[in-house]
Structures are given as structure tokens and as C-alpha cells.
Amino acid sequence: MADLRRLARMLGEIDDQLVSCMRCGMCQAVCPVFGDTGREADVARGKIALLSQLGSEMIRDPHQVKERLERCLLCGSCAAACPSGVPVVDIFLRARAILTAYIGLSPAKKLIFRGLLARPGLFDRLLSLAPAMQGLFTREVDAAAGTSCARFQSSLIGDRHFKTLAAKPLHELAAPRDEPAGASGKRVALFTGCVVDKVFPQVGQASLAALSRAGAGVYLPGGQACCGIPALSSGDTRTFRKLVLANLELYADKPFDALVTACATCTATIKHVWPDMAADLFNEGERAAIAALAAKTTDICAYLTDVLGVTPVATQDSAATVTYHDPCHLKKSLGIANQPRDLIRANKNLRLVEMSEADVCCGCGGSFNLAHYEISKHIGQRKIANIRATGAQIAATACPACMLQIADMASQSGGGIQVKHAVELYAQGLTE
């Protein structure tokens, strides 16, 4: 009965949010999926029209509704361009949660989310076994991007060029720490995120080095859990709630000035999605803790430049050329765009050249890439064409998911381009 009441309340909340949509079609001009398919059902306006009848459509054909809702990158381009301020991503996440509560999770997602992701210790232990085995099934194809492909035909992997798991995750390379405030007078908590921890530990190491150099003490707890967005994107609010509470236990009662992450998606999730979903899933005390943590959360590039005072320096004549891609969750959700560029410019050995359409989505979208790879790939090919047009040797961004997508596209289009995080490039400059 409680679940039915919660579903009814969430349906009512969606109805209240939908009324502000004027069906103007501004979302068409910015939606990457619509740009590839040209289908009205793939743009926010088409999905909102469907959701206006969600109750009846859910009873008639819930699986069809779910399929249409999941053809979305959740990039937030539509929300950023909407003249009426419709909270599109918030609406879609709630609708996915309603549908999943109604029809249930697939067995595979139950295993992944509730069997593994919701158990951080078990998740870490199982994935720690994979690096020793993955060489049997993969082979390197592009040394610059560090990508591999499958040795054997696989329907799941297809023709992707992907990053393998790191030999050691960040949580094995960097011991937990609980430092006092540094010379800057600041004490910072670092949220690692799954992809940085397990695929790009060098980004986590660069974050620690950058914070230390800027005079910030670091609180880095062990046993961190996923931010929860993969589960919530599939409508699994049960796992999402469990992961949020696990992270609150690590961070909520600790004194620090800011919670920083090197993952644009994690930052946007903790700062916006956690509070947005709080009324539906958490009690009053939990909501207060979420709000307090969200208020302290920011991107590491923004914190290094805006608070700790990292500034650009003069560029050397022999500098390598780098171009920067704006992650959707960083620029469109958080309004952070100049700070990662300033961090790159703080490395005297780099020359930043802007690409065309720098803030257009790269096409990853997390699980969207797994379910709709051909669309994801078409969007990514436009991104890599813009990157190559700059002549840059390095493609930089500030989101590990974007790094995965750009590395795949760079590798498949001929290779030779390094893919780096902005904080990684800054930290390299500290040692050169």
C-alpha cells in the first residue's frame, strides 16, 4: 500500500511539472538523439506528450513506454534550452522510477544493481580479479587513446574500442586519509566515483596531487559507494537509496569545506539529483543531510580555480595542442565551463585550441551507450570530427564517461589522439 501511495504521489508530481511545457519545440534544436534519428518520439517534447498520459499508457503497454523513455541520454540539453524551465531530466528520472516499480527490474539489472553495485565491498573485490584475466579476451588497438577491442566476436561489446580496467584501482593505489586543513586553510573531501576508481585511477591521483599542491588537506574515506545514477537511470530507486545512504554515512558528519569530484556526472548527481529525489525516497533527517552535502559539492576544476586560486600561465613555444570538450552535466547542469580550461592553461606546456560545438553532447549517456550504441556512435563521430579539425594531439574533458566515449571514437577513426582529464593535464604540469 505504501508503494502504491508513493507511485500515486510521483505521478501527481510529474503531472504538476508537465503543465509548464509549451510544446514549443526548442528541445528539437539541441537534442543529440533527435538530431541523429529525426523522430519526434526521441525528443523531450515527444516524451512529455507521452508522459501526459502516463497512467493509462503504463497500464496499456508499459514496456513500450519504458523503451521510448530510455532512448534519452539524460544530457540535460533540452532542460538548458527550455524557455519555460521544464525540469526535463527530473521528470524522466521519476517516470523511469514509476515504470520500474510497476513492471520490475530485469534479472540482469537486478544482479548488477542489487547484487553488485549496492554492495561496494563485494563489487570492489570482484572487479579486482578482472584485470589479470582481461588480457585473454582483449587486445590493444590504439596506444595513444589506450583502447582495446574484443579478441572474439561479442554481441555485447560489438565493434567498440574500449578502455580496459586499470591494473590497480585508485582505492588500492591511494590509501584512505583524513588530513587537517592545509596551508590554504581548506579541508576538502574527495568523492572518487566508480569510473575514476576502476578505469582512470590516474585522474584520482592527479586530483590528490593538485589538491595537495594547492594547500588543501584531503579527507578520502575508504569503502566509497557509487553515486547511484546508473541505478536511478534504470528506475531502481531501492538501490539508489541504499547507495546514497552508504555515502552519507561516510561524509555527512565529517567537517570539510567542500566535497569535490573529478566526475561531472557524480557532481551533478550529488548536487542536484540527490536533493531532487529526496522527497520521494528519504525521511526528514536524511533529506537534511542530503541538502547539506549537496550544498558543499562542486567539481574539482571549479574548486581549484575559483577557491584555491590556480590560474593560467604563459604558454611555451613548444607546447602541445589540446582541445576541450564540455561535459553536458558540467556545463549544462552546473554552469562550469571556463574553470577546466583555466586549469589546462595552468600547464605551460599546453596550448588550448577551441573546437567547434565544444558543448554538444559526445553521445555517451552511460547505459544509453550500451542499449543504443549505433545512435551513440553517430553522435560521437560528429564530436571526434570536430576534435580532429583542431589538429590537437590531446582531447581533454572533465568527465570520465566522456573520456570513454571520446577514446572509442578517436581510436575507431584512426587513433593517435590522447584523451585526458583537465585535472590530469594540470597535475602533469606540476612535475614538468
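With the requirement that a residue be surrounded by fewer than 13 Cβ atoms within 10 Å (Cβ to Cβ) and either of a type outside the set (Lys, Arg) or under 25 Å from the mean Cα position of the chain (by Cα) (or both), what does the stretch 135-153 give you? Passing the criteria: Gly135, Leu136, Ala143, Phe152, Gln153. Within the set Ser367, Ser333, Ser318, the sole residue that is more than 15 Å from His161 (Cβ to Cβ) and touching a His at 6+ places or on another chain (Cβ under 7 Å) turns out to be Ser333. Return yes or no: is Asp36 in contact with a His (Cβ under 8 Å, 6 or more places away or on another chain) and at negative phi? When the stated conditions are applied, Asp36 passes them. Across the stretch 295-312, the number of residues qualifying as in contact (Cβ under 8 Å) with a residue 60 or more places away in the chain and assigned to a loop (DSSP other than H, G, I, E, B) comes to 3. For the criterion of being of a type in the set (Asp, Glu) and surrounded by fewer than 18 Cβ atoms within 10 Å (Cβ to Cβ), Glu424 fails. Restricting Ala97, Ala144 to residues that are in contact (Cβ under 8 Å) with a residue 60 or more places away in the chain and closer than 19 Å to Ser52 by Cβ narrows the list to Ala97.
Residues that are of a type in the set (D, E, K, R) and touching a Lys or Arg at 6+ places or on another chain (Cβ under 8 Å) within the stretch 266-313 comprise just one, Asp280.
In the set Ala246, Ala292, Ala278, only one residue is out of contact with any helix residue (DSSP H, G or I) (no Cβ under 8 Å at 6 or more places or on another chain) and either surrounded by fewer than 24 Cβ atoms within 10 Å (Cβ to Cβ) or not in a helix (DSSP H, G or I) (or both); that residue is Ala292.
Taken together, the values in this text are just the output of simple stated rules run on the coordinates, not laboratory data. Not measured: the values here are computed from a predicted model. Reconstructed Cβ throughout: ideal geometry from the backbone, glycine too, with neighbour counts over all protein chains shown.
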